[in-house]
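For reference, the structure is listed below as structure tokens.
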Amino acid sequence: MKLYNTLTRRLEEFQPINSPHVSFYHCGPTVYWTQHIGNMRGMTMADLIRRSLTYVGYNVNFVRNYTDVGHLTSDADEGEDKMEKASRREKLSPDKIAQKYIDIFEKDITLLNNLPANHNPRASQYVTEMIEMIKILINKKHAYITSQAIYFNVSTFSYYNALNKQKIDLNIKGMGKGKVDDHEKKHPADFVLWFFKVGEYKNALQTWQSPWGKGFPGWHMECSAMSKKLLGETIDIHMGGIEHIPVHHTNEIAQSESANEKKFVNCWLHNEHLTISGDKMAKSQGTGYSLSELIEKGFDPLDLRYFFLTAHYRSRQNFTWEALKNAKQSREQLISILQTIYQDHLPDKIDYSNKALGYKKTFIEAISNDIQIPQALAVLWNTVKNKNISPLEKYGLLLEFDQVFGLSLDLLPTQHRIPNEIRLLAEQRQEAKDKKDYVTADNIRKQIENKGYLIEDQERLYHIKQKN
Ligand SMILES: [Zn+2]
């Protein structure tokens, strides 16, 4: 298995510390808003990598955190806490905001068929571990205290730019050059480990007692502490979006390696963004579509998953409705092929022909080459189109490949036949009938028929089926 390590900018043979176990930390969302489908792409890319590792025989311990405190409106130490901003916007406590958006996030990633994480730590529940780590950094003289905050002193860590390949002397924008207007700060790139409840944060809603005074942790500290607590001091894989390279992950390395005096992460993985008309999808630009908006437009969440399969995680992917429609068509085509080769009973072991085994080998080669999912998807199509492979072999291989793709092909033929849109209409029709509004019920029935489905009433139940 070869993976592209951002730290070395090279494809490297992946060697877990304690094979076959793999420790995998994925920087999760800040839970202050519904995550748009661009964020969902990052989550799905991590899921595809995790599934690929599992497929080739690794045992992955997957951690994805929820940031529910300390992430300011800029990734550097600037602006207000995103959770508190949301808290004011919605007149709910930060805790309620976190729970609300964690619930939406979990529903969405489940609909996208991402496997649940082994651990989902919430940052606010690991403040003790963060304080412990800050103590170590102060004792080792990597951190200093001012009247406003506790900072990491970047000049004490000579590998500070190992990941981002930048030069700190240049005062690069966004590199800890925060608005914390603190004259006691030693270097513009020094970043906050702990904010005191003073100055612009004197009304902070989420604060904790610390040995140095009341306050709240810096965002970068959270991942270092949670990763150490749940996976150990050195881990195999740490992943996030490419936007985390210059600041967030650079700072995580500095803290963790200074505190633990050990290498923090062996392999750093970063996914590229989902774009729309060439720009990064962003809520602030009004282009941050949510999964529920797609469902309202008649798409199945797995159409979006299929769309994600068509681009490599390190490539930008451009979102268009046309591309999503194409993905939907391809997925539906795949389903109809599966319905024709469906096997009621799969033997424990299928005697694959050499031809079929060849496809399986090519599939493994694709995912073992830095998770080339688009290539692996091409192997799937070549497999189903090959006339020299028996339906049983095809069906067996498809279910195997789907352990990586996650398109729920194993649920066939029972679940995929009726699209959500049709189910929804059927429910609305039943409601209308219950209210004895037969005109509306009949209109909805016609709509269902126009979309190619028949609805048949059976006593109080109804039954939908595709027209022949
Ligand atoms: Zn993180």
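No value in this document is a laboratory result; all are computed from the given coordinates. None of these values were measured; they are calculated from a predicted model. All Cβ positions, even for glycine, are placed from backbone atoms using ideal geometry, and neighbour counts span all protein chains on display.
Compute the signed sum of charges (Lys and Arg +1, Asp and Glu -1) over the other residues within less than 12 Å, Cβ to Cβ, of Gln447. Write down the numbers at each step before the final one.
Numbers: positive: Arg429, Arg445, Lys446, Lys451; negative: Glu421, Asp442, Glu449.
With Lys, Arg at +1 and Asp, Glu at -1, the neighbours total +1.
Mind checking the dipole of the chain: about its Cα centre, +1 per Lys or Arg Cβ, -1 per Asp or Glu Cβ, Debye to the nearest 20?
In debye, rounded to 20, the chain gives about 440.
Efficiency by 1/(1 + (r/R0)^6): what FRET value for Arg314 and Lys435, r their Cβ-Cβ distance, R0 = 51 Å, to the nearest 0.05?
Rounded to the nearest 0.05, the efficiency is 0.45.
Just the C-alpha atoms of region 2-271: what Rg/Rh do they give, with Rh taken as the Kirkwood radius?
The Rg/Rh ratio comes out at 0.95.
Hey, which aspartates and glutamates would be in cross-link range of Lys96, C-alpha to C-alpha under 19 Å, not counting anything within fewer than 8 residues on its own chain?
The reachable aspartates and glutamates, counting only those whose Cα sits under 19 Å from Lys96, are Asp68, Glu80, Asp81, Glu84, Glu106, Asp108.
Starting at 0 and stepping by 5 Å, how many percent of the alpha carbon pairs of region 276-411 end up in each bin?
2, 9, 18, 20, 18, 13, 9, 6, 3, 2, 0
In the structure displayed, which of Lys82/Lys197; Lys82/Lys202; Lys135/Lys228; Lys82/Lys185 lie more than 18 Å apart, Cα to Cα?
Beyond 18 Å between Cα atoms: Lys82/Lys185.
Rounded to the nearest 5, what is the percent of antiparallel bridges among the DSSP beta bridges in the chain?
Taking every DSSP beta bridge with both residues in the chain, the antiparallel ones total about 55 percent.
What percent of all Cα-Cα pairs in region 4-138 falls into each 10 Å bin, going from 0 up to the bin containing the maximum distance?
Per 10 Å bin, starting at zero, the Cα-Cα P(r) for region 4-138 comes out as 11, 33, 34, 19, 3, 0 percent.
Pull up the cross-link candidates among the lysines for Lys186, meaning alpha carbon to alpha carbon under 16 Å and not fewer than 8 places away within one chain.
Excluding near neighbours in sequence, the set is Lys141, Lys177.
So if each residue of separation counts as 0.36 nm, and I subtract the Cα-Cα distance between His345 and Leu11, what length gain in nm does that give?
Working: separation 334, 0.36 × 334 = 120.24 nm, distance 4.13 nm.
Length gained between His345 and Leu11: 116.1 nm.
As an exercise, use a Förster radius of 30 Å and the Cβ-Cβ distance of Ile145 and Gln166 to find the FRET efficiency, rounded to the nearest 0.05.
So the FRET efficiency works out to roughly 0.70.
Taking only C-alpha pairs under 8 Å that are 6+ residues apart, what is the relative contact order of the chain in percent?
Answer for the chain is 17 percent.
Run through all the Cα pairs of region 226-283 and give the fraction in each 10 Å bin from 0, expressed as whole percent.
Percent of pairs per bin, in order: 21, 46, 20, 12, 1.
Sort out for me the Cα centre separation of region 230-251 from region 39-80, rounded to whole Å.
9 Å
Give me the Kirkwood hydrodynamic radius of the chain in Å, from all C-alpha pairs, to one decimal place?
Computed over Cα pairs of the chain, the Kirkwood hydrodynamic radius comes out at 24.5 Å.
When we measure straight from the Cα of Lys436, which lysines land under 18 angstrom away, once same-chain ones fewer than 8 places off are left out?
Partners within reach: Lys446.
Using the number of other C-beta atoms within 10 angstrom as an exposure proxy, rank Trp321, Trp194 with the fewest first.
Values: Trp321 11, Trp194 24.
Least crowded to most crowded, the residues run Trp321, Trp194.
Can you give the FRET efficiency to the nearest 0.05 for Glu449 and Gln99, using r as the Cβ-Cβ distance and R₀ = 45 Å?
Working from the Cβ atoms, E equals 0.60.
Under 9 Å from the Cβ of Thr287, count the other residues' Cβ atoms, weight Lys and Arg +1, Asp and Glu -1, and hand me the total.
Around Thr287, the surrounding residues sum to +1.
Determine the sum of side-chain charges near Asn5: Lys and Arg each +1, Asp and Glu each -1, restricted to other residues whose C-beta is under 14 angstrom from that of Asn5.
+2
What GluC sites (Glu not before Pro) does region 212-291 have in DSSP loop regions with at most 13 other beta carbons within 10 Å?
Those that pass, being in a loop and sparsely packed, are Glu261.
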